[in-house]
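So the structure is just underneath, and the comments pick up after that.
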Amino acid sequence: MAVKIGVISLGCVKNRVDTEEMLAELQGDFEFVQDMQDADIMLINTCAFINDAKEESINTILEAEQQKKFGKLKGIIVTGCLPERYRERLKQMVPRVDAFLGTAAYKDIRKAIEAVVAGGSFSSYPDQTIDETFSKRVLTTVPPTAYVKIAEGCDNRCSYCVIPDIRGKYQSRKPEYILEEIASLARDGYSEIILIAQDTTGYGKDLEEDIDLAKLLDRAAQIPGVKWLRVLYSYPNGITDELLEVMCRHDNIVKYLDIPIQHTDDEILQKMHRRNTWKLTEEVVNKIRNASDDFIIRSTVIVGFPGEKRENVIHLYQTLKKYQFDRLGVFSYSQEEGTPAAEMDGQIDDEEKEFRRDSVLNTQSSISLDRNQARVDKVYDVLVEGFDEHSGLYYGRSYAEAPDVDGKIFIKTQEPLETGRYYPVKITMAYSYDCIGELER
């Protein structure tokens, strides 16, 4: 009888791609189960980016340990960022876990399972060397959307961030393997391809050949079957004229840029060890707006950073109101051990951080409402993702909404719609994060 494997993937979409690659390594010899109560072995791919993510990962592991103690679960395998970051310390915290794999060890997943099935233990923490080949994956996203990782690691060394320590230096995948993967996905019916990395605009800087994100997009856009080519996680410094020209030239490269600015006050940006001043970012935002009125800009900011004063937050409010980002994620600063920011003076208490976060979110809510209301009476291609039983409406996304992080478009129609297909929808009503539209005939 085949060993039954339960899989839980936590954290970002980059983690999800790692999980999909591990699933591909296990194809053919194991049975995957949806109900964790039925699993013989549980595989938990963890996140350790901020405290909330670590807490979620630890709680998930502890629940699995309880299931192992009192249920049928025979083994627990923990992979990803948490074991990579804490190693021996984590082993002591969760003694019932049987195997630990670091962020570069996904190809060892079969060895780990075989060891656990045999009653043993297993650990693997290889050096952070990117897989140069086109890796097979078992897609866990709903068609026709798929993520493609173009690079691993990060060189930016922001003072609050542990990613370079967990994921290593920046390493780009070779373009031929990325393009082969996109072509394979497109042949299988995946028409929305989302390129991801810790910093997508850094792509190619470590490769000998003349390649960067703009050139990669130019080639990827010519692959048959790709309707939406989307890019996430772009550093402001990397938004070049060439990149914008390529995005505007190809209709299937969506005019959507995800640019984490983290703050707008130079005093805080300097403490964050960000490589850009606000003036530089300001120039980038203006350049994007001038390139096309259709561009959607999403960003993220951190509030409550050590030493952040009221005037720094006021500067953030004022700048957000001036530049009117379409989408904004707001995070309270997380004090991560081992980072320079964790040792800085002027740490801010959690209650004040949450107050600042809520205040910025309220500011952005009115901005997002204005931006969405400007879409009323316009027609968009909408990718239908499902049916909402509560409202009785289908819902989906246009090019202006990325999966998971942005709002939805709810569709009024008497016709049955097919999940995974694109339909023309006219926006009739707008809220801060979601819109309502009607099927355009």
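Any read-out appearing in this document is the output of simple, stated calculations on the displayed coordinates, not a laboratory observation. Because the structure is predicted, anything quoted here is derived from the model rather than measured. Counting neighbours? That spans all protein chains shown, and the Cβs are built from the backbone with ideal geometry, glycine included.
The lysines whose alpha-carbon is closer than 17 Å to the alpha-carbon of Lys54, local same-chain residues fewer than 8 away aside, are Lys14, Lys91. A convex hull fitted to the Cα coordinates of the range 379-439 yields 80 cubic angstrom per residue. By the compact-protein rule of thumb, 2.2 N^0.38 Å, the alpha-carbon radius of gyration of the range 145-373 corresponds to a ratio of 1.06. Each DSSP beta bridge with both residues in the chain is either parallel or antiparallel, and the antiparallel ones are about 30%. Dividing the convex hull volume of the alpha-carbon atoms in the range 150-197 by its residue count gives 79 Å³ per residue. With R₀ set to 56 Å, the beta-carbon distance separating Arg89 from Glu311 gives a calculated FRET efficiency near 0.90. Within the range 1-155, the percentage of alpha carbon pairs spaced more than 29 angstrom apart rounds to 11%.
When each of the peptides 223-236, 108-121 is scored by how many other beta carbons lie within 10 Å of its residues on average, the order from highest to lowest is 223-236, 108-121. With 20 Å bins beginning at zero, the pair-distance distribution over Cα atoms of the chain amounts to 23, 56, 20, 0 %. Roughly speaking, what is the centre-to-centre gap between the range 66-115 and the range 151-179 when only Cα atoms are used, to the nearest Å? What the calculation gives is 24 Å, centre to centre.
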